[in-house]
Every structure is written in structure tokens, then in C-alpha cells.
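Heads up: the structure comes next, in C-alpha cells.
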Amino acid sequence: MNILCPVCKKKLQKTGNSYQCENRHCFDLAKEGYLNLNLHNSQNTGDNQEMIRARKNFLHQGYYSFLRDEINGMLNEDDALIDLACGEGYYTSWFKCQDKIGIDLSKTGLKYAAKHDKSTLYLLNSIFHNPLEDECADKVLTIFAPLAKQEIVRLLKKDGVFIMVRPDRDHLIELKQLIYEHPYRNETEEIQIDGLKLISEIPIRRKEKVVGQDIADLFMMTPYYNTTSQKDKDKLQTADELEISFSFLIDIYRKE
Ligand SMILES: C[S@@+](CC[C@H](N)C(=O)[O-])C[C@H]1O[C@@H](n2cnc3c(N)ncnc32)[C@H](O)[C@@H]1O
């Protein structure tokens, strides 16, 4: 897939450790191997060090490897794949596609991703204004991340496929029951995306015993972490282990 210069939109060519366009705008790869093309001084700098640490520790225990395998089974080796908001590359690094790009705004995430996975090009950029050509991807992925609807449609080739992973109704319900007096279940209405057609929705679930620090790390990966009081967070320490439902929806859309 071609990467476009964020200044003049001409194609960037790789020479050594740099990417340069015909107008001589030049961008160096970071020492870990990711490419910073983020010219916007955005307030959003993606997940911070502590969030990346928690997610890395939790995911590397293998709790979500069944999800990673399920998605990998939907991909082909010759797919051009873009993972939007790839974090530290836990999923991206695993996928079998030869031509892979992961995009995220978290420097900590991409440092880890690029250092450990040389099979993917990692771009530090917003997923809402990314530096890739129109209709360059066979598959675009968004896993537990913000939905950049217009960019997804722009990036996909005709008949290309968008795969979105989101929590199903009962995802982490036992963890919520431990913390909250009135735990709620997740909303799962169909998400409409203009230009794409939902072709299937695949629920996948598993119940696993989560132990020790992994419980706190899992909670830190959730969107509720920042809105929960310290008093409620302290309840996590009352459990040494907990049977937790991992319950996901994989939505598959095709570009019309
Ligand atoms: C919950 S994490 C999911 C990461 C990864 N997909 C996974 O499941 O392991 C959400 C990710 O979105 C990234 N993110 C949030 N807003 C973004 C934006 N506007 N552009 C790029 N990345 C963004 C964060 O840095 C974070 O890595």
C-alpha cells in the first residue's frame, strides 16, 4: 500500500530509514521502526504508558487469543490490511497478511509494536485523517476502538471488507457485578455505515478464570476505568480470581 506525504499528498518512497516524496518532504523512521506522520498538534495522544502496560500484560496471558485466531481465520495472506487504532499490535502482529499497516496515536503503543513486529508498518497518525491512498485496502479492521466511518469507506477497495470487533451484551458482566451496585449490560444495536453493507454478525464468547493482577489490568483496559471512583476500584482487590465472560461481536461489512 502506498503512503502519502502528509504535506503535499504525493507518494512517499522509502530510502534507507526515511520516507521521502518528490517535493523532498522527508520523514524518518523512529529507532523502533514506526513512522510518525502526525502533523496535527492534536490533544489526543492515544493510550498512555499505564494503559498500554495493562493491556500488554493482560493480552500476553493469552485470554483473548481465541479472538485473535478467529479474526485471523477471516483474512487471506494476499490481503492488503489496515488495522485502525492497533494499539501495541497484539492483534496486528499475529495476522497472516503480507501487506499490513497499523495506525495509532499512542507513541508508547507503537514503540512496542514496531520493536516486536517487523511484519507490519506502524504509522503514528490519527485514524480520522490518515495518510493512505483511496481504495488501497482489501480489509480494514477496528478492534475495540473509535469508529472512523468515512476513512474506512475511503480506504476500502470495491467489495473490500470491514471487520469491527466490539463488546457483546454480557462482556465482563462479572467484573461489573463485583464493582457496581447496578451493573449494566452493553448496547448492541446495529451500527450503520453509509457506503457499507452489514453482511454478518458473529458472536463469540468464552468464560475464563482471571487471576491476580490480571483482573486489575483487565479493568484498566475498559472505558469505565476513568469514570469509576477509587472506592469502587478498590473492590477489585477483594477478588484473587474471578470467572469472567468474554463476549464479543464481530461485525462484517462489505463495501458496495
Ligand atoms: C481500547 S484500545 C484498542 C487497541 C487495539 N485495537 C486492541 O484491541 O488491542 C483503543 C486504541 O485507540 C487509539 N486511539 C484512540 N483515538 C485514536 C485516534 N483518533 N487515532 C488513532 N488512534 C486512536 C488508542 O491509542 C488505543 O491504542
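For the stretch 1-46, how many residues are part of a loop (DSSP other than H, G, I, E, B) and closer than 20 Å to Lys115 by Cα?
Going through the stretch 1-46 one residue at a time, the tally reaches 11.
Among the residues of the stretch 205-228, count how many are over 18 Å from Glu50 (Cα atoms) and either more than 23 Å from the chain's Cα centre (by Cα) or part of a loop (DSSP other than H, G, I, E, B) (or both).
Looking only at the stretch 205-228, we keep the residues that are over 18 Å from Glu50 (Cα atoms), and these are 205-211.
With either more than 23 Å from the chain's Cα centre (by Cα) or part of a loop (DSSP other than H, G, I, E, B) (or both) added as a condition, the list becomes 209, 211.
The qualifying residues number 2.
Mind listing just one residue for me: the one in the stretch 90-111 that is of a type outside the set (Ser, Thr, Tyr) and within 19 Å of Ile250 (Cβ to Cβ) and, of those, nearest to the ligand (Cβ to nearest atom)?
The selected residue is Gly102.
Are there any pairs, at least 6 apart or on different chains, whose C-beta atoms fall under 7 Å, with the first in the stretch 205-232 and under 19 Å from Ser65 (Cα atoms) and the second in a helix (DSSP H, G or I) and of a type outside the set (A, V, I, L, M, F, W, C), and if so, which?
If the second residue must be in a helix (DSSP H, G or I) and of a type outside the set (A, V, I, L, M, F, W, C), the pairs left are Asp217/Asn57; Phe219/Tyr225; Met221/Arg55.
Considering each residue of the stretch 181-200, count those that are farther than 30 Å from Asp232 by Cβ and loosely packed, with under 14 Cβ neighbours inside 10 Å, and give that number.
Counting residues in the stretch 181-200 that are farther than 30 Å from Asp232 by Cβ and loosely packed, with under 14 Cβ neighbours inside 10 Å gives 6.
Which condition number does Cys21 fail, the rest of (1) in contact (Cβ under 8 Å) with a residue 12 or more places away in the chain; (2) touching a helix residue (DSSP H, G or I) at 6+ places or on another chain (Cβ under 9 Å) being met?
Here Cys21 meets the rest and fails (2).
Out of Pro167, Pro146, Pro131, I need the residue that is farther than 21 Å from Ile191 by Cα and within 13 Å of the ligand (Cβ to nearest atom). Which one?
Sole residue among the options that is farther than 21 Å from Ile191 by Cα and within 13 Å of the ligand (Cβ to nearest atom): Pro131.
Return the residue satisfying two criteria in turn: it lies in the stretch 192-235 and is of a type in the set (Gly, Ala, Ser) and at pLDDT 95 or above, and of such residues it is nearest to Leu178 (Cα to Cα).
Ser200
Out of the stretch 210-253, which residues are farther than 30 Å from Leu198 by Cβ, β-branched (Val, Ile, Thr) and touching a strand residue (DSSP E or B) at 6+ places or on another chain (Cβ under 9 Å)?
Within the stretch 210-253, Val210, Val211, Ile215 qualify.
Determine the pairs where a residue that is over 20 Å from Ile3 (Cβ atoms), located within the stretch 133-149, has a partner that is buried (at least 19 other Cβ atoms within 10 Å of the Cβ) and not acidic (Asp, Glu) with Cβ atoms under 6 Å apart, the partner being 6 or more residues away or on another chain.
Pairs found: Ile143/Tyr91; Ile143/Val165; Ala145/Ala85.
What are the residues in the stretch 29-43 that are exposed (fewer than 12 other Cβ atoms within 10 Å of the Cβ) and touching a Leu at 6+ places or on another chain (Cβ under 7 Å), if any?
Scanning the stretch 29-43 gives no hits.
Give just the number: which of (1) touching a residue at least 60 places away in the same chain (Cβ under 8 Å); (2) under 17 Å from Ile193 (Cα atoms) does Asp79 not satisfy?
Checking Asp79 against (1) touching a residue at least 60 places away in the same chain (Cβ under 8 Å); (2) under 17 Å from Ile193 (Cα atoms), the one that fails is (2).
The values are calculated or read from the model by the stated rules, or taken from the named source; none is laboratory data. Note that the coordinates shown come from a computational prediction; the quantities given were computed from them, not determined experimentally. Glycine gets a Cβ as well: all are built from the backbone with ideal geometry, and neighbour counts include every protein chain shown.
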